[in-house]
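Below is one structure, written out as structure tokens; comments come after it.
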Amino acid sequence: MKQTSFKVLSNEKIAQNVYKMVLTGDTSAITSPGQFVNLLVDSCFLRRPISVCDVNDSELTLVYKVVGAGTKLMSKASAGDEFDTLTGLGNGYDLTKSGKTPLLLGGGVGVPPLYMLAKKLINEGKKVSVVLGFNTKSEVFYEDEFRALGSDVTVATADGSYGVKGFVTDALPDDYSYFYTCGPEPMLRAVFRTTSTSGQFSFEERMGCGFGACMGCSCKTVTGYKRICKEGPVLEKEEILWED
Ligand SMILES: Cc1cc2nc3c(=O)[nH]c(=O)nc-3n(C[C@H](O)[C@H](O)[C@H](O)COP(=O)(O)OP(=O)(O)OC[C@H]3O[C@@H](n4cnc5c(N)ncnc54)[C@H](O)[C@@H]3O)c2cc1C
Ligand code: FES
């Protein structure tokens, strides 16, 4: 983990209530797709965790949905504004288990971390399939970006206004070697029930400190309690215990 300042280069709306923010700063602590950063947003007591969507030596891309006060303030930021940021948080996805034909399943704001993951897997020569799920057509984002990477992309919308009608689990390909997923909990539960291989789940739980100190994100797993911000947010399918 590193605490540093990131300066906004751009901040644009890319779908209904969804923004893409590109920042510049020290990205050296970010080592794996699925990690997140924790931004200090003016007047908000708790930092706001956002997944790394993409990163290079000096730039960080975040894609976020405006849901409350913190993300509303983020959407008002413009070029030159700065955010005090904790970077390199969380474990990230383990790419070594992907096999040759991994499947990536993202729902809503669970889509962004899968972009960096797809990029890395494709760079390793994997044949990547991606299923992106949204409520409705106006909320769809990053379909073209995933396709430009060279992945096979299917979009599902719950209301059928675009792509396959239904949820990501209604658009699963027949064959895949392994899966990686991120999205709202009902979607993750459905993915858990429907998938036929092992896989990894990223949980975007509500958080306190974001770096392992408060235990506010602790959850029970097959191998004992884990802090989603520190030993997660990525958990293996086999270690997940769903609480009713
Ligand atoms: C590891 C991690 C990665 C994340 N990555 C992204 C991302 O890439 N893009 C993105 O848009 N969002 C992401 N989130 C969710 C994001 O952190 C929250 O949406 C944000 O903190 C809300 O702040 P706010 O002040 O706008 O809303 P608040 O005023 O804090 O809350 C507004 C509403 O949203 C609900 N809410 C807030 N946070 C969450 C959450 N984590 N899960 C479910 N409901 C929540 C609240 O219950 C409330 O109903 C991530 C969360 C975690 C823990
Ligand atoms: S949010 Fe504090 S320990 Fe995870």
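Of all DSSP beta bridges in segment 95-239, what percent run antiparallel (nearest 5)? Within segment 95-239, antiparallel bridges account for around 25 percent of the total. Computed extension gain for S196 through E59, at 0.36 nm per residue and net of the alpha carbon distance, reaches 45.6 nm. Under 16 Å of direct C-alpha separation, and excluding same-chain neighbours fewer than eight residues apart, K230 reaches these aspartates and glutamates: D94, E204, E205, E239.
Restricting the calculation to Cα atoms, the chain yields a radius of gyration followed by a Dmax of 17.0, 48 Å. The longest part of the chain holding none of the exposed loop chymotrypsin sites (Phe, Trp or Tyr not before Pro), meaning those outside H, G, I, E and B in DSSP with at most 11 other Cβ atoms within 10 Å, is 46-241. Model label sites at D84 and D174, defined 7 Å from Cα along the beta-carbon direction, differ in position by 5.6 nm. Extension gain for the segment S161 to I14, taken as residue separation times 0.36 nm less the Cα-Cα distance, is 51.1 nm to one decimal. Extension gain, M1-T101: 0.36 nm per intervening residue step, less the Cα-Cα distance, totals 32.8 nm.
Which pairs break 29 Å Cα to Cα here: K72/K137; K72/K127; K72/K120; K13/K119? Over 29 Å Cα-Cα: K72/K127; K72/K120.
Can you classify segment 1-124 as rounded, prolate or oblate using the Cα gyration tensor, where a ≥ b ≥ c are the square roots of its eigenvalues, rounded means a/c under 1.5, and otherwise it's prolate if a/b beats b/c and oblate if not? Verdict is prolate for segment 1-124. About its Cα centre, the dipole of segment 113-240 is roughly 320 debye, where the only charges are +1 on Lys and Arg Cβ and -1 on Asp and Glu Cβ.
Throughout, read-outs are computed from the coordinates displayed, never taken from laboratory work. What you see is a predicted model; the values in this text were computed from it and never measured. Every residue, glycine among them, receives a Cβ derived from its backbone with ideal geometry; neighbour counts consider all protein chains shown.
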